[in-house]
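Quick notes on the structure that follows.
Values quoted throughout were computed directly from the atomic coordinates according to the rules given, and no laboratory measurement underlies them. Computed from a predicted structure; not experimentally measured. Ideal geometry is used to build each Cβ from the backbone, glycine not excepted, and the neighbour counts take in all protein chains shown.
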Amino acid sequence: MAIVEFQDVSRVYRNGEHEQWALDHVNLRLEEGKFIVVLGPSGAGKSTLLNLLGGLDSPTEGTILVGGKDISTLTPNELADYRASAVGFVFQSYNLIPTLTVVENVALVKEIAPNPLGSHDMLRAVGLEDHIHNFPSELSGGEQQRVSIARALAKNPQILLCDEPTGALDSETGVMVLKLLLSMARDMGKTIIIVTHNQNIAKMADVVVRVKNGKIRSCEEQAHPLAVEEVDW
């Protein structure tokens, strides 16, 4: 079942008479419960695609369907509700509140998500049950990223959107985070979409979407994606 469908979607930024086509008539169909990597160089349109899917931006033209619902015509208030319920975000920067403990950072989603999962359960899922009363400054970079993943999961979203989630991490910690994201797709049935320029991450994907100059160059399903341990980091 397709959970995401872009139909002839463009995003154009205008500055006076100058136009920049961040996405140029994109058509894309993604199935539910897959580990998907969107691959391409800087400026290719990867983050624009993610922002449109996450309801952080709206298309200049075209239709975006998520779970059969057209999000391209939603009002700002409706988009806020969509972001609260349907998608979780994991960024390269962890965006944790430094004055709150780990469990308090995760519990924040209860204020916005209609069907949140338990904060303690999500922290246990990411292996941080022993750190729930710590503050972000007391954690390593990898641990902070796992807190941000737990927070995103606690929203109980259909889709988890990840923008270079391992970009600021060392290799060992990055592998740990990728194992966690893979398990969410394989064991929890979440649709994980990672935007990256890292070719190694693409080797583990069920589906690899290649973007260049605002266009989808290919969208290919991989019959035998590699396990994290099989990738030469």
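Look at (i) 20.7, 64; (ii) 17.4, 56; (iii) 18.4, 60: the one that is Rg and Dmax of the Cα atoms in Å derived from this structure is (ii).
The label-point distance for TYR13 and ILE97, in a model that sets each label 7 Å from Cα toward Cβ, rounds to 3.0 nm.
Given a Förster radius of 22 Å and the C-beta distance between CYS219 and LYS69 as r, what FRET efficiency does 1/(1 + (r/R0)^6) yield to the nearest 0.05? For CYS219 and LYS69, the calculated efficiency is 0.55.
Across segment 65-195, the relative contact order, built from alpha-carbon pairs under 8 Å that are at least six residues apart, equals 30 percent.
Taking a ≥ b ≥ c as the square roots of the Cα gyration tensor eigenvalues, with a/c under 1.5 meaning rounded and otherwise prolate when a/b beats b/c, else oblate, which class fits segment 130-175? Note, shape of segment 130-175 comes out oblate.
Seen from ASN156, the other residues with C-beta closer than 12 Å to its C-beta sum to a net charge of +3, counting Lys and Arg as +1 and Asp and Glu as -1.
Going by a ≥ b ≥ c, the root eigenvalues of the Cα gyration tensor, does segment 112-212 fall in the rounded group (a/c under 1.5), the prolate group (a/b larger than b/c) or the oblate group? Oblate.
For the residue pairs LYS110/LYS212; LYS46/LYS203; LYS155/LYS179; LYS69/LYS203, the C-alpha atoms sit more than 28 angstrom apart in LYS110/LYS212; LYS69/LYS203. Local charge for PHE89 was computed over the other residues whose Cβ lies under 11 Å away, with Lys and Arg +1 and Asp and Glu -1, and equals +2.
Length gained on full extension, GLU111 to SER42, computed as 0.36 nm times the residue gap minus the Cα-Cα distance: 21.4 nm.
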